[in-house]
Amino acid sequence: MYKKLLFLLPLLFLVGCTPDEVSISLEPGHDTVTVFEDYTPEGCIITINDESFDMVITNNPVDTDTIGTYMIDYEYDDYTCQRAVFVVDNVAPEGMLLYGVDTIHKGDEWVDPGVDAVDNYSDVEISVTYPIGYSTDFVGSYTIIYTLTDEAGNVTEIPRVVHVIE
């Protein structure tokens, strides 16, 4: 009897100490959000020995009014999960040509009226590119390009055609 008990004791010990099979997975969702858009985080699922459970969000600092990277924390018992959410500005600035005289006589001075620019999130830098050979001393049509760039690097180009006539 003593020998049989010694044989069963290790067997019971091994069966009782089998570790749980655990897997954690993020539910598919949008992890990149445009600034000012609504955002609802998807969940995180934990599977323990073939039984699945929703993990609870314990920290959700996502601020869609501010560009940045945010970490959402999930928890179930002693298990944790994180999701990175990126709030980005991918909207290009908008611009409108200001009213001005775009047809001038040869030799006259052309006054650049400029462009008005706005962006959904940040200030806009405006640069102006004149074509090679641009001169009011020569008859022709010249395309001036206004390049509007916001802080995120989004770009809009707006053309203005200046006509130089006799």
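The values are calculated or read from the model by the stated rules, or taken from the named source; none is laboratory data. Treat the numbers as computed from the prediction; the structure is a model and nothing was measured. Counting neighbours? That spans all protein chains shown, and the Cβs are built from the backbone with ideal geometry, glycine included.
General remarks:
- In segment 15-45, the residues that are under 17 Å from Cys81 (Cβ atoms), touching a residue at least 24 places away in the same chain (Cβ under 8 Å) and among the polar types (S, T, N, Q): Ser23
- Restricting attention to segment 46-65, the residues that are in a loop (DSSP other than H, G, I, E, B) and either of a type in the set (Val, Ile, Thr) or touching a residue at least 40 places away in the same chain (Cβ under 8 Å) (or both) add up to 2.
- For the residues Asp116, Asp137, the requirement of being over 21 Å from Asp89 (Cα atoms) and either out of contact with any Pro (no Cβ under 9 Å at 6 or more places or on another chain) or assigned to a strand (DSSP E or B) (or both) singles out Asp137.
- Note on segment 66-84: residues that are assigned to a loop (DSSP other than H, G, I, E, B) and within 16 Å of Thr32 (Cβ to Cβ) total 2.
- Residue selected from segment 80-128 under the condition surrounded by fewer than 15 Cβ atoms within 10 Å (Cβ to Cβ) and closer than 30 Å to Ser52 by Cβ, by the criterion nearest to the chain's Cα centre (by Cα): Phe86
- Top-ranked residue of segment 118-155 - restricted to ones that are touching a Phe, Trp or Tyr at 6+ places or on another chain (Cβ under 8 Å) and hydrophobic (A, V, I, L, M, F, W, C), ranked as nearest to Glu37 (Cα to Cα): Ala152
- Only listed residue being surrounded by fewer than 16 Cβ atoms within 10 Å (Cβ to Cβ), touching a Lys or Arg at 6+ places or on another chain (Cβ under 9 Å) and not aliphatic (A, V, I, L, M), chosen from Glu37, Glu51, Glu42, Glu75: Glu42
- As a summary of the residue check, Pro131 satisfies the conditions (1) within 30 Å of the chain's Cα centre (by Cα); (2) modelled with pLDDT under 95 except for the one numbered (1).
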